[in-house]
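Below: one structure, written as structure tokens.
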Amino acid sequence: MAKTSSKARQTRRVKLVAKFAALRKELKEKGDIEAIRSLPRDSNPVRLHNRCNISGRSRGYYRRFGLSRIALRQMGLEGKIPGLVKSSW
């Protein structure tokens, strides 16, 4: 389980990226590098990192489900993900 501060930081970054996306795009088209530098650092989409929606874990992340490998396995075993079946042979 990720620290609560890591999850909170990520949600704050997501909000900032959404807030400044249009302005950042406009400045980038103009080529105004100085104005882009004056924007908050966390408004840059490069600073976002994929995190599990349940645990906040950053590693072993499956984009298709938005979950980490551990949360995906747990939800799959509980039958909460349609079409996902644990393999056995």
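The values are calculated or read from the model by the stated rules, or taken from the named source; none is laboratory data. Being a predicted model, the structure only gives us computed values, none of them experimental. Because the Cβ atoms are built from the backbone with ideal geometry, glycine has one as well, and the counts that use them run over all protein chains shown.
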Subset tally (residues that are free of Cβ contacts under 8 Å to residues at least 12 places away in the same chain, closer than 23 Å to residue 7 by Cα, over 12 Å from the mean Cα position of the chain (by Cα) and surrounded by 14 or more Cβ atoms within 10 Å (Cβ to Cβ)) for region 32-71:
1
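Inside region 54-89, can you point out the residues that are closer than 25 Å to residue 15 by Cα and in contact with a Ser or Thr (Cβ under 9 Å, 6 or more places away or on another chain)? Walk me through how you get there before you give the answer.
Applying the first criterion (closer than 25 Å to residue 15 by Cα) to region 54-89 yields 54-68, 71.
Correct list: 54, 55, 56, 57, 58, 59, 60, 61, 62, 67, 68, 71.
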So residue 77 clears everything in (1) over 21 Å from residue 6 (Cβ atoms); (2) assigned by TED's automatic domain parsing to the domain that holds residue 4 except one condition, right? Which one?
(2)
Is it the case that region 13-34 has a residue that's touching a Lys or Arg at 6+ places or on another chain (Cβ under 9 Å), of a type outside the set (Phe, Trp, Tyr) and outside any helix (DSSP H, G or I)?
no
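Tally time: how many residues in region 10-31 are surrounded by 15 or more Cβ atoms within 10 Å (Cβ to Cβ) and within 18 Å of residue 50 (Cβ to Cβ)?
Taking region 10-31 and keeping what is surrounded by 15 or more Cβ atoms within 10 Å (Cβ to Cβ), we get 10, 13, 16-17, 20, 24, 27.
Then keep just the ones that are within 18 Å of residue 50 (Cβ to Cβ); that gives 10, 13, 16-17.
Matching residues across region 10-31 total 4.
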